[in-house]
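Here is the structure we will look at.
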Amino acid sequence: MRHKLDGLDWKILDVLQQDGAASAADVGDKVGLSQSPCWRRIQRLEETGLIRQRVALLDRRELGLNFLVFAHVKLEAHAGDSLDAFRRAIADIPEVLECFVLMGQVDFLLRIVAKDVEAYEALFFKRLSQLPGVREINSMMAVSTVKETTALPLGQLRADLG
């Protein structure tokens, strides 16, 4: 790990990943610091990049995005600009929430949301299948969610680092 963290830093990170909108005073109350020193620590954690950004996590189902798809994408070739062209193109599709480069039989894994199967079908044929260099896309619909979190396992990480 590139950054030296003490016990209070770990506690602050844990509180903020549970509630990113918490004020410095609220975080300080939970970790045993007054507002000003807590605010300075949060600022330092943001400046070092440990806290990338604070966002509101929206409920996709409440917004009508009930269709969750994981898609494996294989490209025709890996030479030249094909990988970069795909990366640039996929970044412009808002329904694609995450895109991972994989090693193995598949080149990319996408996590995609859509209103319903018809909306995904339109996205698939009009955008995804037209992406540069795409040879094959295998889509898998998520039926239900067993676990969904953005919280990193800070307690285990901290224990591992001693």
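Put simply, the amide H of A142, placed in the peptide plane, has neighbours under 5 Å in L68, V69, F70, leaving out anything fewer than 5 places away on its chain. Residues D107, D92, D14, sorted by accessible area with the largest first, give D92, D14, D107 [1.4 Å probe; ligands and nucleic acids excluded]. In summary, the lysines within cross-link reach of K147, defined as a Cα separation below 24 angstrom excluding same-chain residues under 8 places away, comprise K11, K115. Projecting the Cα atoms of G80, L128, P153 onto the charge dipole of the range 39-162, computed from C-beta unit charges around the Cα centre, puts P153 farthest toward the positive end. In the chain, helices alone account for a calculated mean residue ellipticity at 222 nm of -11000 deg cm²/dmol, with every DSSP H run of four or more residues adding -39,500 (n - 2.57). Percent of C-alpha pairs per 5 Å bin in the range 6-114, short distances first: 2, 10, 16, 14, 10, 11, 13, 12, 8, 4, 1, 0. Compared with the alpha-carbon gap, the fully stretched path from S139 to R52 is longer by 28.3 nm at 0.36 nm per residue.
Accessible area of E121 (1.4 Å probe, protein heavy atoms only, ligands and nucleic acids ignored): about 100 Å².
Extension gain, W10 to K115, is 34.0 nm, computed as 0.36 nm per intervening residue step minus the present C-alpha separation.
The simple Förster model, with R0 at 22 Å and r as the Cβ-Cβ distance, assigns K147 and A21 a FRET efficiency of 0.45. Amide hydrogen proximity for F108: with H placed 1.01 Å from N in the peptide plane, the residues at 5 or more positions away or on another chain lying under 5 Å are V73, L102. For the chain, the dipole from Cβ point charges (+1 on Lys and Arg, -1 on Asp and Glu) about the Cα centre works out to 360 debye, to the nearest 20. If the label point is 7 Å along Cα→Cβ of E76, which residues in the range 115-151 have backbone nitrogen under 17 Å from it? Counting backbone N atoms under 17 Å from the label point, the list is 127-137. Here the dipole of the range 97-162 is about 100 debye; that uses its Cα centre as origin and unit charges on the Cβ of Lys and Arg (positive) and Asp and Glu (negative). Residue ranking by accessible heavy-atom surface, 1.4 Å probe, largest first, among F125, F70, F86, F100 comes out as F125, F100, F70, F86.
Ranking Q18, S36, Q53 by Cα position along the charge dipole of the range 18-108, where only Lys, Arg, Asp and Glu carry charges on their C-beta atoms, puts S36 farthest toward the positive end. In the assembled protein chains, S23 presents an accessible area of approximately 50 Å² (probe radius 1.4 Å).
The values are calculated or read from the model by the stated rules, or taken from the named source; none is laboratory data. Computed from a prediction, not measured in an experiment: that's the story for all the values here. All Cβ positions, even for glycine, are placed from backbone atoms using ideal geometry, and neighbour counts span all protein chains on display. Heavy atoms of the whole protein, side chains included, go into the accessibility calculation; ligands, DNA and RNA do not. Shrake-Rupley method; radii C 1.70, N 1.55, O 1.52, S 1.80 Å.
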